[in-house]
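Below you'll find the structure, written out as structure tokens, and then a few comments.
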Amino acid sequence: MSKAKDPGLGSKHGSVSRMINEDGSYNIQRAGGMHTFRDLYKYLTEISWTTFFLWTISTYLLINIIFAGLYMIGGVEDISGINPKSNHFLNAFFFSVQTFTTVGYGFLAPVGAVAGIISTFEAFLGLLYFALITGLLYGRFSKPSSKIAFARNAILTDFEDGQAIMFKMVNQRNSVLLKASVKCTLAIDTVDDKRTFHNIDLQLDYIQFFPLTWTIVHKITEESPFHGLNAEQIRERHAELIVMVEAFDETFAQNVIEKRSFAGDQWIEGVKFKRNFALNSAGKIELHIDELDDVEPI
């Protein structure tokens, strides 16, 4: 077992609950950084699909409402085809939608100079807007990402003639992951409250194929930083096991990377992981991903 240098997470900030959250994000709140279009692009390609579509619909409606207001200010008499008995703002809004999307049904059309200038600018903006949305959709679909799920807990359990630290993970997608490798670094306080980092030796840190669950095992030896510690002592010393998994995804034909950490109340002992796959009557292996967290007493 080798002591490692700071992997880039810092050791001068005092004790924190964890440096990497359970969802793989960094436990860091940034202030005073750069806020550019590229940051917006990153945000819009990483948010959930629900949030993305809400953002798209909201901006689409807002832009058309603003232009409808401009048409009202310029005078709806500059737009032909408006029914004088209907709501003028709604007519201006529908004309804005037709202009913005370049649909042009032919019923409403600009006839005055003011409406013509506004619609010219709006049509150009509409082309840019939909080009942007198309690019974002392509970026979201083409961006390689992994869906590797990790069991909620890392366990301290009996193993062979001693003890071991174990955690479990699985690929949630139907895609095939190949050449999967995992690296683990432990951040732990010493008895005099100094933060130290250790490279964690694993029984198996590389597999050619990753179709089922993969239980990662670190056998505790005298050289292990876990030696002589129980789960409560591990928690008291603010131990955080930082995990990075890399694999080749056949769907994207690219490497994907996933990171996670185990800390705090995620350390438990006196249990073992239940097997969440079995052979069925048809001779196929049934994998129950929803049972990944299940444990049972030793």
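Residues that are part of a loop (DSSP other than H, G, I, E, B) and polar (S, T, N, Q) were ranked within region 102-154; the one that is farthest from Leu212 (Cα to Cα) is Thr102. Can you find a residue in region 174-184 that is outside the structural domain of Phe52 (by TED's automatic domain parsing), modelled with pLDDT under 90 and not hydrophobic (A, V, I, L, M, F, W, C)? Yes, the conditions are met somewhere in region 174-184.
The residue that is surrounded by the fewest Cβ atoms within 10 Å (Cβ to Cβ), among those in region 276-297 that are more than 22 Å from Ser146 (Cα to Cα), of a type outside the set (A, V, I, L, M, F, W, C) and touching a residue at least 24 places away in the same chain (Cβ under 8 Å), is Pro297.
Taking every residue in region 49-77 that is within 21 Å of Gly112 (Cα to Cα) and pairing it with any residue that is of a type in the set (Ser, Thr, Tyr), at least 6 positions away or on another chain, the pairs with Cβ-Cβ distances below 6 Å are Asn64/Ser96; Phe67/Ser96; Ala68/Ser96. Every condition in (1) surrounded by fewer than 20 Cβ atoms within 10 Å (Cβ to Cβ); (2) closer than 15 Å to Phe167 by Cβ; (3) free of Cβ contacts under 8 Å to residues at least 60 places away in the same chain is met by His227 except one, and the failing one is (2).
Tallying residues that are loosely packed, with under 14 Cβ neighbours inside 10 Å, at pLDDT 90 or above and part of a loop (DSSP other than H, G, I, E, B) within region 58-101 yields 0. Here region 179-194 is the region considered, the condition is being over 21 Å from the mean Cα position of the chain (by Cα) and under 29 Å from Asp249 (Cβ atoms), and the residue that is surrounded by the fewest Cβ atoms within 10 Å (Cβ to Cβ) is Lys179.
When we screen Gln172, Gln203 for residues that are surrounded by fewer than 18 Cβ atoms within 10 Å (Cβ to Cβ), of a type outside the set (D, E, K, R), closer than 26 Å to Glu296 by Cα and touching a residue at least 40 places away in the same chain (Cβ under 8 Å), the only hit is Gln172.
Residues in region 286-298 that are over 20 Å from Gln163 (Cβ atoms) and in a strand (DSSP E or B): Glu286, Leu287. Please enumerate the residues belonging to region 21-50 that are more than 13 Å from the chain's Cα centre (by Cα) and at pLDDT 65 or above. Selection gives Asn27, Asp39, Leu40, Tyr41, Thr50.
For region 129-148, the count of residues that are buried (at least 20 other Cβ atoms within 10 Å of the Cβ) and under 30 Å from Glu258 (Cα atoms) is at least one. Restricted to region 160-187, and to residues that are part of a strand (DSSP E or B) and among the polar types (S, T, N, Q), which residue is farthest from Met244 (Cα to Cα)? Per the stated criteria, the residue is Gln163.
The values are calculated or read from the model by the stated rules, or taken from the named source; none is laboratory data. Keep in mind the model is a prediction, meaning the values are calculated, not measured. Cβ sites come from the backbone with ideal geometry, for glycine too, and all protein chains shown count toward neighbours.
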